[in-house]
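What follows is a single structure, written as structure tokens, with notes after it.
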Amino acid sequence: MFIPLPLVLVGVIVILIILFLRRNYGVLENSGFPVVPPTLCLGSGPFMMHKTNLSNLDQERFEKYGKIWGAYQASSPQVFITDPDMIKQIHIKDFDSFNGHSFHFPQKFRMLTETRGEEWSQLRKGLSPIFSSGKIRGMMKHVDGVVDNMINYLNKKIISDPVIDMRPVYQYLTMDVISKCAFGVDLNCFEDTENPMLKNSIKLFKDFCAKDLSSSLQRTFEFTLVGLDKYIDFVPESMNALWNITRKIQESRAKENVFHGDFIDKLHELKAIVKDGVVTEDQLTAQGIVFMLAGFDTSANTLGSLTYCIVSNPQAYDLLMSEIQEKLEEFEGKVNHETVADMPYLDACIKETLRILPPVARNDRRCNKEWTYKGYKIKKETTVMIPIHVVHHNPEYWPEPELFKPERFFKENAGSIVPCSYLPFGAGPRACLGERFAQIEIKVAIVRLLQAYHLEKDEKTKLNLSNGDLFMNDYAEMFIKFVPREK
């Protein structure tokens, strides 16, 4: 039987593609990991990512395979680790073997989170002083002003309806804080919800979500096939827009020739490190994107989760209010850095919220040289995934993990917390740079809210985690009922 040559060529190409996509199959099995079985050539799934919540998927696989398992995303081998001892070894003790994340952008858009090696080291060293204790104290006046705007906004809103969706409100708050503290720009998102910085930041998170089967498959390949970015532009339009916004602010500041001591001024100082060629000037501009994103939605997400947790747990709410009222009396009703500095129950409520509902679903590392530990072998270029939600909900480390119990984080209980079983900000040298600032911002915002209003659950108060998000434990809405307190 004669088979046309074009058909033969197509068949050969298909076979070669399948063989290419299967080239790493067996690597994980041979290294001793239980493995989620891969398909013919598309990996272990999920293929309907737009219908999948990654935290739930990780929990199901943990229950089936144990603390450590392997999976293939397309052709890329991934090892999932929920054992705190191994996490500590990877993040801290053997950091040199896992000093970068797996995802990678072109250098122009490569933020601190995507850099590795000397590139990361130079940027981290240069940006760290932005969040010194003195800098954070200096930012508090800006935080106070933005929280004032939020309270005024809520006062107007509750006249027509006391039940308010706080998800966008907290996004306005955190975007205004980061734009003022880091960029020296007054956005006032409560009055201008269409400003480009806010719109493109929200859009960028959505651009990395899987919305349908087509985008599910696209996400599978673009984050795993190394080198594909040389031929296909995976940089979303929203990322380009945020890069351009940062560049315009830099240029405007240069013309002003005024020193604010903020992030934009720090970028100007860091131009000195461009000389050796490891970090480019364009790449310095890209750091504005990570400041917008890291300082924006994770904090807004946590504020919404915290509000949900306290209104859902009346006993915790009452204990928190007692602490706040005591401190407000001590500081004559003023809410500032000093007021919130010594509120152990508030601090514990935030930490317990971050344990139950960590805003980041997974953390990851890229193995840059072969690593062996406890009989397991991880080969170079393998991605290590840390399912944060699974670790935070393991009853071995957190008894009754689904219950909201802030007392877990009291000082007297610190010795019972297993190292690296609590990871909302990561661990080791690559832990979140803005952790302290985010915590103080959240504390001031929630204390001011509880000072002005009694918060209540409503029939619309629900927390439903979204599907299709590749990085975040996100939710679309957070309705809370506001009752003004008597003055």
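Numerical summary
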| read-out | value |
| --- | --- |
| Residue check for His268: on the phi < 0 side of the Ramachandran plot and not in a helix (DSSP H, G or I) | no |
| Failed item, numbered, when Thr113 is tested on (1) surrounded by 16 or more Cβ atoms within 10 Å (Cβ to Cβ); (2) at pLDDT 90 or above | (2) |
| Helices (runs of 4 or more DSSP H) contained in segment 1-80 and holding at least 1 residues touching a residue at least 12 places away in the same chain (Cβ under 8 Å) and within 28 Å of Val360 (Cβ to Cβ) | 27-30, 54-65 |
| Some residue of segment 75-86 being buried (at least 16 other Cβ atoms within 10 Å of the Cβ), under 30 Å from Ser128 (Cα atoms), within 19 Å of the chain's Cα centre (by Cα) and of a type in the set (D, E, K, R) | no |
| Lone unmet requirement of (1) in a loop (DSSP other than H, G, I, E, B); (2) touching a residue at least 40 places away in the same chain (Cβ under 8 Å); (3) not basic (Lys, Arg) for Pro399 | (2) |
| Residues that are in contact with a Gly (Cβ under 8 Å, 6 or more places away or on another chain) and closer than 14 Å to Phe205 by Cβ, drawn from segment 171-188 | Thr174 |
| Pair list, Cβ < 7 Å and 6+ apart or interchain, from segment 276-298 residues that are in a loop (DSSP other than H, G, I, E, B) to residues that are hydroxyl-bearing (Ser, Thr, Tyr) | Gly295/Thr174; Phe296/Thr174; Phe296/Ser201 |
| Lone qualifier among Gln315, Gln283, Gln287, Gln250 - being out of contact with any Gly (no Cβ under 7 Å at 6 or more places or on another chain) and either within 22 Å of Glu456 (Cβ to Cβ) or acidic (Asp, Glu) (or both) | Gln315 |
| Cross-chain or 6+ apart pairs with Cβ under 7 Å, segment 359-377 first and within 17 Å of Leu54 (Cα to Cα), then assigned to a loop (DSSP other than H, G, I, E, B) and polar (S, T, N, Q) | Pro359/Asn473; Ala361/Asn473; Asp364/Ser102 |
| Qualifying residue in segment 170-181 (condition: among the polar types (S, T, N, Q), in a helix (DSSP H, G or I) and surrounded by fewer than 20 Cβ atoms within 10 Å (Cβ to Cβ)) | no |
| Residue that is within 30 Å of Lys443 (Cβ to Cβ), surrounded by fewer than 19 Cβ atoms within 10 Å (Cβ to Cβ) and more than 19 Å from the chain's Cα centre (by Cα), where the choices are Lys51, Lys67, Lys141 | Lys141 |
| Residue that is farther than 23 Å from Lys93 by Cβ and under 15 Å from the mean Cα position of the chain (by Cα), where the choices are Gly426, Gly434 | Gly434 |
| Identity of the residue in segment 328-341, crowded, with 19+ Cβ neighbours inside 10 Å and not in a loop (DSSP other than H, G, I, E, B), that ends up farthest from the chain's Cα centre (by Cα) | Thr339 |
| Candidates Phe80, Phe103, filtered to the one that is touching a Pro at 6+ places or on another chain (Cβ under 7 Å) and either hydrophobic (A, V, I, L, M, F, W, C) or modelled with pLDDT under 95 (or both) | Phe80 |
| Candidate set from segment 361-382 (those that are buried (at least 22 other Cβ atoms within 10 Å of the Cβ) and β-branched (Val, Ile, Thr)); member that is nearest to Cys432 (Cα to Cα) | Thr382 |
| Flag for Asp186 being over 21 Å from Asn240 (Cα atoms) and assigned to a helix (DSSP H, G or I) | no |
| Positions within segment 399-442 being touching a Gly at 6+ places or on another chain (Cβ under 8 Å) and either of a type in the set (Phe, Trp, Tyr) or surrounded by fewer than 20 Cβ atoms within 10 Å (Cβ to Cβ) (or both), in sequence order | Cys432, Phe437 |
| Segment 8-32, subset under 30 Å from Lys374 (Cβ atoms) and in contact with a Ser or Thr (Cβ under 9 Å, 6 or more places away or on another chain), residue surrounded by the most Cβ atoms within 10 Å (Cβ to Cβ) | Leu28 |
| Candidates Lys481, Lys460, filtered to the one that is assigned to a strand (DSSP E or B), farther than 22 Å from Gly100 by Cβ and more than 17 Å from the chain's Cα centre (by Cα) | Lys481 |
| Verdict on Leu306 being within 25 Å of the chain's Cα centre (by Cα) and free of Cβ contacts under 8 Å to residues at least 24 places away in the same chain | no |
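So that you can scan it fast, the table gives a plain yes or no per residue for (1) touching a Lys or Arg at 6+ places or on another chain (Cβ under 6 Å); (2) modelled with pLDDT of 85 or more; (3) under 30 Å from Lys380 (Cα atoms); (4) not basic (Lys, Arg):
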position: Asp176; (1), (2), (3), (4): no, yes, no, yes
position: Phe205; (1), (2), (3), (4): no, yes, yes, yes
position: Ala210; (1), (2), (3), (4): yes, yes, yes, yes
position: Thr220; (1), (2), (3), (4): no, no, yes, yes
position: Asp233; (1), (2), (3), (4): no, no, yes, yes
position: Glu237; (1), (2), (3), (4): no, yes, no, yes
position: Asp265; (1), (2), (3), (4): no, yes, no, yes
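Listed here are the residues, each with its yes/no results for (1) polar (S, T, N, Q); (2) modelled with pLDDT under 80; (3) surrounded by fewer than 19 Cβ atoms within 10 Å (Cβ to Cβ).
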residue: Glu191; (1), (2), (3): no, no, yes
residue: Pro196; (1), (2), (3): no, no, yes
residue: Thr224; (1), (2), (3): yes, yes, no
residue: Asp229; (1), (2), (3): no, yes, yes
residue: Leu242; (1), (2), (3): no, no, no
residue: Ile249; (1), (2), (3): no, no, no
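The values are calculated or read from the model by the stated rules, or taken from the named source; none is laboratory data. The model shown is predicted, which means the values in this text are computed figures rather than measured ones. Reconstructed Cβ throughout: ideal geometry from the backbone, glycine too, with neighbour counts over all protein chains shown.
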